[in-house]
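Reading through the structure tokens given below for one structure.
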Amino acid sequence: MNKPLPQQRARRNTPISGATKVAIIGAGRGGTALMEIFATDPLVQIVGVAECDPKAPGLGLAKQLNIPIMRDYRQLLAMERVDLIIDVSGDGEVWQFLQDFHRMGVTIIGGASAKFMWELIEARIRATAEIEKTLNKYQSLYRLYVKETGAAVTEERTRIACEIHDGFVQSLAGVNFKLDLCQQLIRKNSRAGLATLKETKAQLKLAIQEARQVIFNLRPLHYDKMELIPALTNYFKSYQTQTHIATKFSVTGDEQILFPRTKIFLFRIIQEALSNVEKHAKADRVSIKLDIDMDLLRVTISDNGIGFDLETVLRDPEKWDHFGIKGILERARLVGGEGHVQSKPGKGTKIIVEVPLGHKEERGNGEN
């Protein structure tokens, strides 16, 4: 309890009209607890603290709050303006003296009553600190969510634009060129024209498949049923076809216990991880293992690529972000989980994401 109040909460000990004037004997745990709670109470003014131990933890707080400090507690009794004296010194002689002290308009609390009071106050301070800690944690996660969501939107737009430009648009341009060629050949060489037309039809079919893949990447999960496993299965087939990286997928457990939001984030985590494998790992095999039980969701993504020096990357924020691992770990945090990375040069890379489930996702389809 010897930690000073945050500057924004500490109130200077200036006279307040109508406030109860309180004097505190003792600046140990009890006195510190009383000062911390009374300092933020507009109906209370601490007029003095008595403490003979110069190392008492509450003296620093008293100085911060501009509360007069006295070595002799009897100086407090002589003060003209005091309504309440609280003895939390734990000294039996002091409490005996106070029991024999009487003055009109002055109330004295000490002994077991004072101890009970400051213990309650101390408990309240601890509870408040815990609430603030939890609130700060969720505020941090909310800021991360907003940041990650904005970055994810930009990233998805860029990725989809590249997919359309490099794949679908190029295919359509090729089809258009072949059709122009067909138009010329039909007049000169009908057999060659028919062959070219057959090639054009095959190329158009491929363009349609690419368009469907772009649409699938926009909405990987079927939003009417939110089916994660079928969506992942389709994605892995497409990934293997496009990258020529052998992709193995295994799953245990029932996805029905997961929230829709968890499924979406999980899909994006896996998508990001496999994108990193394609860009950086130089691997020819990758495996994805998904384990779902009532208490824990775990996804393990392993490749046989070149790997990297994890300690070097950890020391360099730009490399950490460049390898795409930062986004994976942040997405894991946003669903209440955490991620771990294992990698060594020449030994491949393994990413493990674990999300505790407990009873929060027992409702099957999941309500946010």
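Round to the nearest 0.05 the FRET efficiency obtained for GLN242 and LYS289 when R0 = 25 Å and r is the Cβ-Cβ distance.
Here the calculated transfer efficiency is 0.70.
Each residue of the range 340-354 in order: what ³J(HN,Hα) in whole Hz does its phi give by Karplus 6.51 cos²θ - 1.76 cosθ + 1.60, θ = phi - 60°, with x for Gly and Pro?
So the Karplus estimates, Gly and Pro as x, are 9, 10, 10, 7, 9, x, x, 10, x, 9, 10, 10, 10, 10, 10 Hz.
Is the shape of the range 50-91 rounded, prolate or oblate, going by the alpha carbon gyration tensor and its root eigenvalues a ≥ b ≥ c, with a/c under 1.5 for rounded and a/b larger than b/c for prolate?
It comes out oblate by the Cα gyration axes.
Roughly how big is the range 20-109's charge dipole about its Cα centre, with Cβ charges of +1 (Lys, Arg) and -1 (Asp, Glu), in debye to the nearest 20?
With only Lys, Arg, Asp and Glu charged at Cβ, the dipole is about 220 debye.
Given the range 227-368 reduced to its alpha-carbon atoms as identical point scatterers, what log10 I(q)/I(0) does the Debye formula return at q = 0.10, 0.14, 0.18 Å⁻¹?
-0.33, -0.64, -1.01
Taking a ≥ b ≥ c as the square roots of the Cα gyration tensor eigenvalues, with a/c under 1.5 meaning rounded and otherwise prolate when a/b beats b/c, else oblate, which class fits the range 20-109?
The shape class here is oblate.
Need one word for the range 275-354: rounded, prolate or oblate. Basis is the Cα gyration tensor (sqrt eigenvalues a ≥ b ≥ c); a/c below 1.5 gives rounded, then a/b vs b/c decides.
The shape class here is oblate.
Order these peptides, 197-204, 333-340, by their mean beta-carbon neighbour count within 10 angstrom, highest first.
Descending packing order for the listed peptides: 333-340, 197-204.
Got a sec to turn the phi values of the range 200-211 into Karplus ³J(HN,Hα) couplings, 6.51 cos²θ - 1.76 cosθ + 1.60 with θ = phi - 60°, whole Hz, x for Gly and Pro?
5, 4, 5, 5, 5, 4, 5, 5, 5, 5, 5, 5
Under 5 Å between amide hydrogens, which residues at least 5 positions from LEU65 or on another chain qualify, with H placed 1.01 Å from N in the peptide plane?
none
FYI, it's all coordinate maths here, none of it is from the lab. It should be emphasised that the depicted structure is a prediction, and the values quoted were computed from it without experimental measurement. FYI the Cβ positions are ideal-geometry reconstructions off the backbone, even for glycines, and counts take in every protein chain you see.
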